[in-house]
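The values are calculated or read from the model by the stated rules, or taken from the named source; none is laboratory data. What you see is a predicted model, and the numbers here were worked out from it, not measured in a lab. Here the Cβ positions follow ideal geometry from the backbone for every residue, glycine too, while neighbour counts run over all protein chains shown. Quick note on the areas: whole protein, heavy atoms, side chains included, nothing else; ligands and nucleic acids left out. Shrake-Rupley method; radii C 1.70, N 1.55, O 1.52, S 1.80 Å.
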Amino acid sequence: RTCANLGQHHPGWTERVLTVDEAVAHVGRLVEVHRHEAFVVGVAGPGDPLANEETFEALNQVHRAWPNLTTCISSNGLLLADTLPRLLDAGIRALTVTVNAPDPEVGSQIYLWVRYDGVIHQGEEGAALLIERQFLGIRAALDAGLAVKVNTVLIPGVNDAHVERLAGRLREAGVTLMNIMPLIPSGAMRNWRAPTCDELSEARTRCETILPQFRLCKQCRADIVWFPDAVGV
């Protein structure tokens, strides 16, 4: 897979977040250079993209200028149901939603708090709200005809024993593709252990009996353009 970083090919852009106009201009240059190639423009940050007004501004500009270009969003899903009409208006065709827990008990070990409508929810209450909103958004997106992939970060000792149960819930919701990714210890989780390759493979194999598994993930940065034809997938 070939990824072009939206901040990588212009002097001075690598150390800061692009403005909407800069990001759209860069997509325009890529369209000119790769006019005979199909590629995907994805937005996954900074933070959760659905919490940023700039996300919708950029997507709308890209869609108006190049309506046949495939765009996608990667989100934690908290605001997915609320913003889905705006995503559809912006021409979004694909979504990746990160769901790490099948229930609030597991989720409370992963998420310190969840802020929704200006109110902060902690512990199992916060995890329950997040999971409820995630599945509500996923079902709505699938009903709208979008392609939905679910990412799950494998965290040893926290959710590794529960990924099969999560896969079952996702299948019931209509999801057809799951991507189990390894934890990269950082930030508040910097002292947590990453799964071994064997642990990751074993989790994928267990869940594959329930839901198809995506095994091509390269953990790309948030600001990428993906050229799928480079690897024939």
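Being part of a helix (DSSP H, G or I), open to solvent by 10 Å² or more (accessible area, probe 1.4 Å) and at pLDDT 95 or above, is that true of even one residue in segment 181-192?
no
Has segment 114-127 got at least one residue that is β-branched (Val, Ile, Thr), under 19 Å from Arg169 (Cα atoms) and touching a residue at least 12 places away in the same chain (Cβ under 8 Å)?
So far as segment 114-127 goes, no, none of its residues is β-branched (Val, Ile, Thr), under 19 Å from Arg169 (Cα atoms) and touching a residue at least 12 places away in the same chain (Cβ under 8 Å).
Looking at Val153, Val163, Val231, which one is within 30 Å of Ala58 (Cβ to Cβ) and either aromatic (Phe, Trp, Tyr) or at pLDDT 95 or above (or both)?
Val153
Do you know which residues across segment 48-96 are out of contact with any helix residue (DSSP H, G or I) (no Cβ under 7 Å at 6 or more places or on another chain) and of a type in the set (Lys, Arg)?
Within segment 48-96, Arg64, Arg93 qualify.
Name the single residue that is most open to solvent (accessible area, probe 1.4 Å) among those in segment 164-180 being in contact with a Leu (Cβ under 7 Å, 6 or more places away or on another chain) and in a helix (DSSP H, G or I).
Selected residue: Arg171.
Here is a yes/no grid of residues against (1) at pLDDT 95 or above; (2) open to solvent by 10 Å² or more (accessible area, probe 1.4 Å); (3) in a helix (DSSP H, G or I):
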{"position": "Cys72", "(1), (2), (3)": "no, yes, no"}
{"position": "Ala81", "(1), (2), (3)": "yes, yes, yes"}
{"position": "Leu84", "(1), (2), (3)": "yes, yes, yes"}
{"position": "Leu87", "(1), (2), (3)": "yes, no, yes"}
{"position": "Asn100", "(1), (2), (3)": "yes, yes, no"}
{"position": "Gln109", "(1), (2), (3)": "yes, yes, no"}
{"position": "Arg115", "(1), (2), (3)": "yes, yes, no"}
{"position": "His121", "(1), (2), (3)": "yes, yes, no"}
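With respect to Leu95, is the statement that it is open to solvent by less than 40 Å² (accessible area, probe 1.4 Å), aliphatic (A, V, I, L, M) and either modelled with pLDDT of 95 or more or not in a loop (DSSP other than H, G, I, E, B) (or both) true?
The answer is yes for Leu95.
Scan segment 143-172 residue by residue and report those that are over 20 Å from the mean Cα position of the chain (by Cα) and β-branched (Val, Ile, Thr).
Val158
From (1) at pLDDT 80 or above; (2) surrounded by 13 or more Cβ atoms within 10 Å (Cβ to Cβ), pick out the condition that doesn't hold for Trp13.
Failed condition: (1).
Of the residues Cys220, Cys207, only one is surrounded by 15 or more Cβ atoms within 10 Å (Cβ to Cβ) and modelled with pLDDT of 95 or more; which?
Cys207
Please work out if Gly77 is within 30 Å of Arg35 (Cβ to Cβ), of a type outside the set (Asp, Glu), assigned to a loop (DSSP other than H, G, I, E, B) and open to solvent by less than 50 Å² (accessible area, probe 1.4 Å).
no
Please find, within segment 28-59, the residue that is surrounded by the fewest Cβ atoms within 10 Å (Cβ to Cβ) out of those that are modelled with pLDDT of 90 or more and among the hydrophobic types (A, V, I, L, M, F, W, C).
Ala51
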